[in-house]
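See structure below.
The values are calculated or read from the model by the stated rules, or taken from the named source; none is laboratory data. Predicted model only: the values in this text are computed from it and were never measured. Neighbour counts run over all protein chains shown; Cβ positions are idealised from the backbone, glycine included.
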Amino acid sequence: MGIRILIPFVAIVLFLLEPEFALFSPIDWNRETIYLVPRFLILYLIFIAIYYNRKRAVTYGLFFGLLYDVFYIDIIGLYTVLYPLVCFIAGWSVKYIHQHLSITTILSVVLVALMELVLYYFFFFINFTNMPFTNFLTNRLLPSIIANLLYLLMLGWAFKYLIDARVLQKLRELS
């Protein structure tokens with residue numbers, strides 16, 4: 001029963017930790033302002049979609065996307081759509097990729113990068129940001145991807161271990 005509750009509990013903790021880590025950003029480095037955007041929760045949800053259950057990940061994505069919209073941005077629906085969509089794509093891709101941790105890590109980073117691009121273009125088209133794409137790429141996207149990759153390299157194995165433990169628990173309950 002403990003692992004069953006632990007998976008959503010970790011999602012809640014990551015949801016609450018993202019804004020705390022966002023306080024470390026922006027960073028002035030070499031006369032440039034670098035923005036690091038933590039995407040801990042969606043990375044975790046991608047792992048759930050790949051290693052556990054796509055439907056569950058999409059449901060969590062819908063729930064946490066709505067919470068993200070309500071608490072952190074002024075546009076309701078943006079993350080409510082993007083989080084489940086990213087989870088769906090991650091779960092769908094399992095049919096075509098090997099589920100090795102390194103492949104999953106690369107896929108997760110690519111999906112987060114694509115999500116960041118969609119967010120950038122959305123905010124650019126509604127004039128919420130006027131940052132040129134080259135600045136976005138060098139000062140926000142690449143540093144954020146590197147930071148999230150480091151985060152995933154440190155905790156991706158723990159996510160996989162937790163999810164595998166839940167899968168084994170579920171199999172024991174069925175037999």
**OP:** Pull up segment 130-164, narrow it to residues that are part of a loop (DSSP other than H, G, I, E, B) and within 14 Å of THR33 (Cβ to Cβ), then point me to the one that is modelled with the lowest pLDDT.
**Re:** MET131
Subject >> Within segment 68-89, tally of residues that are β-branched (Val, Ile, Thr) and surrounded by 16 or more Cβ atoms within 10 Å (Cβ to Cβ) >> reply: 3
Original post:
Given (1) among the aromatic types (Phe, Trp, Tyr); (2) in contact (Cβ under 8 Å) with a residue 24 or more places away in the chain; (3) farther than 23 Å from PRO8 by Cβ, where does TYR68 come up short, assuming only one miss?
Top reply: (3)
**OP:** Scan segment 19-53 residue by residue and report those that are in a loop (DSSP other than H, G, I, E, B), touching a residue at least 60 places away in the same chain (Cβ under 8 Å) and of a type in the set (Ser, Thr, Tyr).
**Re:** TYR35, TYR52
Subject >> Per-region count, segment 6-61, residues among the charged types (D, E, K, R) and surrounded by fewer than 13 Cβ atoms within 10 Å (Cβ to Cβ) >> reply: 5
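Condition check ((1) more than 17 Å from LEU152 (Cα to Cα); (2) at pLDDT below 95; (3) basic (Lys, Arg); (4) more than 18 Å from the chain's Cα centre (by Cα)) across all residues:
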position	(1), (2), (3), (4)
GLY2	yes, yes, no, yes
ALA11	no, no, no, no
PHE21	no, yes, no, no
SER25	yes, yes, no, no
ARG31	yes, yes, yes, yes
TYR35	yes, yes, no, no
LEU45	no, no, no, no
TYR51	no, yes, no, no
VAL58	yes, no, no, no
